[in-house]
Amino acid sequence: MVEWVHPNHPPSEGNRWMQCAVIEAVAAPQIRRHFELPDEATEEQWAEAGRRLRDVSEGWHWCVGDWLVAGLDRWGESRYAAAERVTGLNYSTLRHYVCVARRFPQGQRHEASFSVHAEVAKLEREAAHEILAIAAKEGLSVRAVRLRVNRETRVEPEPAPAPPPGVSNEVRRPSTAPMLPGRAVRSYEARPLNEMGRAIVDDLKRRRQALGHSLQELDHLTGWGPGQAAHYEAHDRNPTLHALEEWCEALGVGLAVVQSPRAA
């Protein structure tokens, strides 16, 4: 760790700020907002620069989480509003950082990324650390870890009860045939969701909020385009069955389509 002090004052007990290598890297007096590769740099030097940038990025998440935890513990929940002003991050993102930092305090963090720690945060302590150790050793991607977590938490759905006579359990799924671009797609997205569809979307929205994910993070986890999650949650657009499956996977739940008895 590097002890960072104000650049205009000599080191002393009175002007010590924080022991954090990331602050040394990003809070220097002259902040650089670009990267320059010297003409004489080798390929290995270029790769090493990328590794250092990765380390700074990873450390940033942890440091913001630890910084806000310290503020919350000392001055209370009002620090969220101050943190939003200081960092420019929204409440959901800050809360996410805090939850992961509290779940894995210093000394309990593995040589895996912050995002990997976030994926296993909902597991029991032993299971979480087991997956983290494997992820660190094998260099697992976030998606690979997410699949392991989903297997750990998956609960097999109970069979649906038999419907009354004349009523079907069939879930009608959107056509898998290729849709024409333009008008056909917009026409499908413009149809209002039925009551069941709205209920599913609202349940997924509440789960996302409970997990502390922002809409931007949901777009990233699912691979959707920017703003897609916001449209779905506002019921502006209809998610396809495939989109619902991606949504459920990102939040660690399963989606089951039950076959109608009449179709069996």
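The values are calculated or read from the model by the stated rules, or taken from the named source; none is laboratory data. Please read all numbers here as calculations on a predicted model, not as lab measurements. Note: ideal-geometry Cβ built from the backbone for every residue, glycine included; neighbour counts use all protein chains shown.
For every residue, the table says whether it meets (1) closer than 22 Å to L218 by Cβ; (2) modelled with pLDDT of 85 or more; (3) among the β-branched types (V, I, T).
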| residue | (1), (2), (3) |
| --- | --- |
| S12 | no, no, no |
| Q30 | no, no, no |
| A49 | no, yes, no |
| E77 | no, no, no |
| V98 | yes, yes, yes |
| P105 | no, yes, no |
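Scanning the range 202-225 for residues that are part of a loop (DSSP other than H, G, I, E, B) and out of contact with any helix residue (DSSP H, G or I) (no Cβ under 6 Å at 6 or more places or on another chain), we see that the one that is modelled with the highest pLDDT is H213. Taking the range 38-66 as the range and being under 18 Å from the mean Cα position of the chain (by Cα) and hydrophobic (A, V, I, L, M, F, W, C) as the test, the residues that pass are W60, W62, C63, V64.
Here's the yes/no breakdown for (1) in the same structural domain as R208 (by TED's automatic domain parsing); (2) of a type in the set (V, I, T); (3) under 24 Å from L251 (Cβ atoms):
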site: V64; (1), (2), (3): no, yes, yes
site: G71; (1), (2), (3): no, no, no
site: T87; (1), (2), (3): no, yes, no
site: R102; (1), (2), (3): no, no, yes
site: Q106; (1), (2), (3): no, no, no
site: A112; (1), (2), (3): no, no, yes
site: I134; (1), (2), (3): no, yes, yes
site: R143; (1), (2), (3): no, no, yes
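Residues in the range 226-245 that are in a helix (DSSP H, G or I) and either among the polar types (S, T, N, Q) or closer than 18 Å to S115 by Cα (or both): Q228 alone. Being under 21 Å from E217 (Cβ atoms), modelled with pLDDT of 85 or more and either surrounded by 17 or more Cβ atoms within 10 Å (Cβ to Cβ) or over 24 Å from the mean Cα position of the chain (by Cα) (or both) is the requirement here; does V69 meet it? It is true that V69 is under 21 Å from E217 (Cβ atoms), modelled with pLDDT of 85 or more and either surrounded by 17 or more Cβ atoms within 10 Å (Cβ to Cβ) or over 24 Å from the mean Cα position of the chain (by Cα) (or both).
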